[in-house]
Amino acid sequence: MKESIIYFSIKIFGGFVRLLPLNAALFLGRCIGVLVYYFDTKHKAIAYANLKMAFSKEKSSHEIKKITKKLFMNYGENLMELLRMPLLDKTKYEDYVQIEGKENVGKGLEQKNGAILLAMHFGSWEMASLACAMLDYPYKVIVKPQTKYSKLDDLLNSYRACGGNVVLSRGMGTRDLIKSLKNN
């Protein structure tokens, strides 16, 4: 029951987000990110600790707190972008994503070596994966399954796949990924 409520809530919310202009959707995402920052103290503490470990010599505690808050705001924007993915096609993606170094991927594919692109959870990683699919590169995305909510997982993965990406589950997808590189 809980899973169905979450699934339909996200599905309805996604429909609403797709009706908004992009700037309004991103603003809403930042607002959601700020709310999560203030109310999800567990994940805020984890993010802060990780950033402090990485930047304690270069940044003050105040600066690290500001970065942590911006990180949550960025997650909110990424959620909005993910929910808007069904709107994008090959004629529109360049309005949202600027790709640098795509010639390197092309060279790797021409040489039959394949290419691996790594993305971290910073910036617009969901849009970057969609942009690669829009470039007609054979693109596979490895994701961590949402084990508690399989319906929600299926919905989010359908958004990720709408541009032509193949979505692989972490762990199970490793073998398929290696096979794809060899077959290039």
All but one of (1) in the same structural domain as residue 123 (by TED's automatic domain parsing); (2) part of a loop (DSSP other than H, G, I, E, B) hold for residue 105, so report the exception by its number.
-> (2)
With respect to residue 80, determine if the residue is in contact (Cβ under 8 Å) with a residue 60 or more places away in the chain, farther than 30 Å from residue 180 by Cα and out of contact with any His (no Cβ under 6 Å at 6 or more places or on another chain).
-> yes
Specify the residue that is farthest from residue 115 (Cα to Cα); the eligible residues are those in the stretch 51-103 that are under 17 Å from the mean Cα position of the chain (by Cα) and of a type in the set (Ser, Thr, Tyr).
-> 75
Which of the following residues is at pLDDT 95 or above and of a type outside the set (S, T, N, Q): 38, 7?
-> 38
Any residue at all in the stretch 61-73 that is free of Cβ contacts under 8 Å to residues at least 60 places away in the same chain, assigned by TED's automatic domain parsing to the domain that holds residue 176 and more than 28 Å from residue 7 (Cβ to Cβ)?
-> no
Do you know which residues across the stretch 6-45 are among the charged types (D, E, K, R) and over 18 Å from the mean Cα position of the chain (by Cα)?
-> 40, 42, 44
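A quick yes/no check of all residues on (1) closer than 22 Å to residue 143 by Cα; (2) in contact with a Pro (Cβ under 7 Å, 6 or more places away or on another chain); (3) among the basic types (Lys, Arg):
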| position | (1), (2), (3) |
| --- | --- |
| 37 | no, no, no |
| 50 | yes, no, no |
| 59 | no, no, yes |
| 68 | no, no, no |
| 81 | yes, no, no |
| 115 | yes, no, no |
Scanning the stretch 42-86 for residues that are surrounded by fewer than 12 Cβ atoms within 10 Å (Cβ to Cβ) and of a type in the set (A, V, I, L, M), the one farthest from residue 30 (Cα to Cα) turns out to be 53
Single residue of the stretch 153-184 satisfying the filter (more than 15 Å from residue 79 (Cα to Cα) and of a type in the set (Ser, Thr, Tyr)) that is modelled with the highest pLDDT = 169
Would you kindly identify the helices (runs of 4 or more DSSP H) lying entirely within the stretch 18-101 that contain at least 2 residues that are in contact with a helix residue (DSSP H, G or I) (Cβ under 6 Å, 6 or more places away or on another chain) and under 13 Å from residue 127 (Cβ atoms)?
-> 22-39, 61-84
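The values are calculated or read from the model by the stated rules, or taken from the named source; none is laboratory data. What you are looking at is a predicted structure, and each value in this text was computed from that prediction instead of being measured. Virtual Cβ from ideal backbone geometry, glycine too; neighbours counted across all protein chains shown.
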